[in-house]
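Structure record follows, encoded as C-alpha cells.
Quick note: the coordinates plus some simple rules give every number you see, no bench work behind them. Since we're looking at a predicted model, the values are computed, not measured. Cβ placement follows ideal geometry from the backbone for every residue including glycine, while neighbour counts extend to all protein chains displayed.
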Amino acid sequence: MDKGLVCLIAFVCFCVLVFSNSSHYLRKLRWNFPVKYSSKFEEIITITPQDSLYFEDQNSKQKPDSFEYLNGSSSGLYYKKNSEFFASQQLHWNFHIDDSNSLNNKPYKCLPKSFGYSIEKGNQVFPPHEYPSCNTLNLAGPNIKWDYQTNLFEMECPKGKQGKYLLEPKGLERSIKLQPNMAQHWKVQEYTAPVKLTTEEYVYASCGEENFSKAIYVPRFNQTLYNETLTKMQSLNKGTTPKPQIVFFLTVDSYSRRHFYRKMPQSVEFLSSLKNSSYSVFDFKIHNVIGSNSIKNMFPVFSNLPTTERKDSPEKDLAGKQSMWKLFKNRGYVTLFGLENCDYYFPGAIGQEIDVDHTVRSFYCASNDFLDIRTDKEFLLTQRCVGDYMSHYYLLNYTHAFSELYKGLNQWIYLHINSAHEGTGLHAATLDSDLTWFLQTYLKAFEKTHDVAIFLQADHGMRYGNWFKEIDAYIENKLPVFFLIANNELLNKIEYSYDTLQHNTKLLNTKVDLRKSALYLSELPYGQEYKVNKDPYHHRYVNLFKEKVLYNRTCESARIPGPYCSCLEMLEIPKKHYTDKTTSYGEILFEAAQASVYKVNSEAYTPKSFYPGVVCQHLSFDKIVKAYVTKISNVEEQFLLQFKVKESPKAVFEALVVVGTDERSYLLDNVQKENPRDPLVYRNFKSMMRVLGVNRKDSYGGTCEKVARNLEISGEYCICKDIDYLRENYPSAVPSNL
C-alpha cells in the first residue's frame, strides 16, 4: 500500500481519537467565543445577577425567602382508582375563565403570576363584534349537486347566466403542496352539461358572478383502504375486531385559554353541559407553549426529529419513521390531516407529500386564489365566507363525513383551524356556533360506536393586538387553550385516569406531553402500551392519562425554552436602581427607557404616513416610575418599565423590553431593523436590546388623539399639538363634530 495513503489513514484515525477524547475541553474552548453566548452554555452569565435586587450591601449574604413547595416525588403521589375517585368527588364542573385563580397560593414550583387579561380588560381590548351569517351575504349562486353514486357533478343557473366551475385538480388529492405548485393546476371551466367525476372531492361554482358563490367538499370513500385497515386491526387483535378508537387533534390556531372563553361562550357552555353525559371534559389551566409559531409548537408533537422551517420543501414526508401519522397507521388507524390555510409553514416543515390517507389543503389554496380568503395577520375584520358558510365549516363538515365513512375503524385525525389567525382578535368569535354544532353532532354520532379522545387545543395563544405590548397579553400567548374530551368508557379502561387527569389540569404541562399521551392511546384497543422510550427525552414528558405531573416540575425540566415560559417570576426592581445609573440595573433601565421613547417618536412624531411633527409632539424621556425584571435565561432578561415624558405631566407609558447576547434568540430578532440605535455594551458584553412594545397607561382618546388616528398615526402614543393649529392647517383631518 502506498506510504502516503497509510500516513493519511493513520492521521485521520489519530484525529478521531483525539477529538473524541477531548470533547469536554473543546466544549469549554467554545465558551471563550462571544458568538456562542446562548442558553445552552449556562456557565456564561451575561445578564444582571438578580441577587443585586435584594442586596443593599454587596457583602450581605442574606437572600430572599426561598419558594417552598412539596417534594412531589413520584413515590409520594397517591393515585385514586376510578371508583375511589368518584366515591370522593364527582366530576360536576362549570367551566369559567377565572378558574385558574383557584391555583393561587398552591405549592407548585411553576405557577404563573398572571393568566392573562381580566374579564373587564379582555372585553375592553376585544369588544363584541357581530358577524352576519354567510348565507345572508350570498343570496345569488347556482343550485349544485354532487353525487358519488352516479359520479356526477351538476349545476343549474338562472336563464341567461353562464355557469362556471373549478374541480379539485387530479394529483392534489393527498397533497399539501406549496401554493405556487398548486396554482398551476387550477382550471376554471364553463358548465354546459353534467360533469363526470373520477377522484375529485370538491367543486367551486358560480353563475355569472365575478367570484365563486357556492362550494361543496365531501370525502370520497376508499374501499381498499377500509379493508386493509380492518385487516390490520384484526391481525393486531389476534383475529377479532377491537372496539375502534378515534384519537382527534382539533387544533384552533391562536386561541389563548382566556380568549377561547371570551370569544367562544357557546362552546364553553356545551363543554360544561357534558358533565352528566357519557363524556368527561378536562380544562388544562397551565398548558404552556414550547415555541413562537404553529410549527415550533406542533412539529414536536408530530415527530421526534428536530424542527426545521423552510419556505421551499421537497415533495416527500419529512417527519420521519416516528411521525405520529405513520405510527398510528401501523397500529391500524385510518388517517386524516386537514389544514385551513395555504401558507408555507406546514409543507416547509413536514413536506409536501405526507403519508396520510386523506388530506385537506388544496381547497383552501383555491379559496385563497379565487376568493381572496386569507389567514394572514394583516387582514383585519374581514369575514371569511366561502359560499353559504364560513371557511372553517368545510373542514369540520369533511371531518364528520370522513368519520362516518370509516365507522368501525380506528381513526387518527389532525385538524388546524385558522379562525383566530388575523390581526384583531375579534374574528375568533366566528368559530363559536360552528364548533358547538360540530362537537354536539360528532360526539353524539360516535357515542356508542367508538372510544373517543379529542385534544381540543391551540398551537399558541394570541399573536395579535397588544400581545407584545402588555404583559397580560404576552402571558396569554404562552398559555393556549387545551380541553381534553373523552368518553367515560375509554377513561374507565385506564385505571386512575380521572384522578390523574384532574390533577394534571392544575399543573404545568406542554406540547410534547400531548404526543406521549396520544401515542399511549395508539395501542390501547389491543390492550398494549406504546413504548415511549423510543422517543428521546421521554422521561421529561408526561402521559397525562397515567402519570401525575410533579409539583416541582419547571419549564426547564419540561424542556420549555425560557422566553416561552409562563411561570418565570417578574421581580419588582427597587427604586434606587432607576434613580441612579451607577447601580447594577440603573444603566440598562435608562437605556431601555430611551429606546422606548425612540420607538414612540418613530411611530407618532415621524410616522411613515405623514410629515414629521405635524400632529404629535416630539417626546423626551423624563423619569422611570416603576420597573420589573424577568430572568429568561443566563443570556436574556426582560424588563417591564413605566416611565414619564417631559412634554406631559399626566402621560405614563409602559414598555416591554428584552436585553441579551443570544444572537439566535427569537425575541431579539430584527433588532437593527426595529431599533437602529447605537451598539449596546452591557456588563462588558456586546448586547442586543429590543423594545417588544410600548403601551400608554394613562387615559387617552381625546380630540387630538382621534385626529392622529384619522391621519393613520399611532394615537395612543400621541401628545398632540394645539387643536386650533390643526384646524387651521389641516382642516380635512379634523372632523367637524370635534
> Label-point separation (nm) for Asp724 and Glu489, each offset 7 Å from Cα along Cα-to-Cβ?
Replying inline: 8.1 nm
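With a ≥ b ≥ c the root eigenvalues of the C-alpha gyration tensor of the range 317-433, is it rounded (a/c under 1.5), prolate (a/b larger than b/c) or oblate? List each step's numbers first, then the result.
Numbers: a/c = 2.32, a/b = 1.59, b/c = 1.46.
Cα axes put the range 317-433 in the prolate bin.
Loop only per DSSP, at most 15 neighbouring Cβ atoms within 10 Å: give me the trypsin sites (Lys or Arg not before Pro) in the range 479-575, ordered by residue number. Write out the running numbers ahead of the final one.
On the way: sites: Lys493, Lys506, Lys511, Arg515, Lys516, Lys531, Lys534, Arg540, Lys546, Lys548, Arg553, Arg559, Lys575; in loops: Lys506, Lys531, Lys546, Lys548, Arg553, Arg559.
Here the sparse-neighbourhood loop sites are Lys531, Arg559.
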> What are the chymotrypsin sites (Phe, Trp or Tyr not before Pro) within the range 128-208 that DSSP puts in a loop, where the Cβ has at most 12 other Cβ atoms within 10 Å?
Replying inline: Tyr148
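If each residue's Cβ is checked for other Cβ atoms within 10 Å, how do Asp372, Asp357 rank with the fewest at the top?
On the way: Asp372 11, Asp357 21.
Least to most surrounded, the residues fall as Asp372, Asp357.
Tell me the trypsin sites (Lys or Arg not before Pro) within the range 159-219 that lie in a loop according to DSSP and have at most 14 other beta-carbon atoms within 10 Å.
Values: sites: Lys159, Lys161, Lys164, Lys170, Arg174, Lys177, Lys187, Lys196, Lys214; in loops: Lys159, Lys161, Lys170, Arg174, Lys177, Lys187.
When the trypsin sites (Lys or Arg not before Pro) of the range 159-219 are filtered for loop state and at most 14 Cβ neighbours within 10 Å, Lys159, Lys161, Lys170, Lys187 remain.
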>> Per residue of the range 251-262, what does 6.51 cos²θ - 1.76 cosθ + 1.60 with θ = phi - 60° give for ³J(HN,Hα)? Whole Hz please, x for Gly and Pro, Karplus curve as stated.
In response: 9, 10, 5, 6, 9, 6, 4, 6, 6, 4, 5, 5
>> Could you tell me the calculated FRET efficiency between Arg540 and His185, based on Cβ-Cβ distance and R0 = 51 angstrom, to the nearest 0.05?
In response: 0.70
> Going by how many other Cβ atoms sit within 10 Å of their own, how do Arg220, Arg384 line up, fewest first?
Replying inline: Arg220, Arg384
> What percent do you get for the relative contact order of the range 372-481 when only Cα pairs under 8 Å and 6+ apart count?
Replying inline: 25 percent
>> Tell me the relative contact order for the range 134-217 as a rounded percent, counting alpha carbon contacts under 8 Å between residues six or more apart.
In response: 37 percent
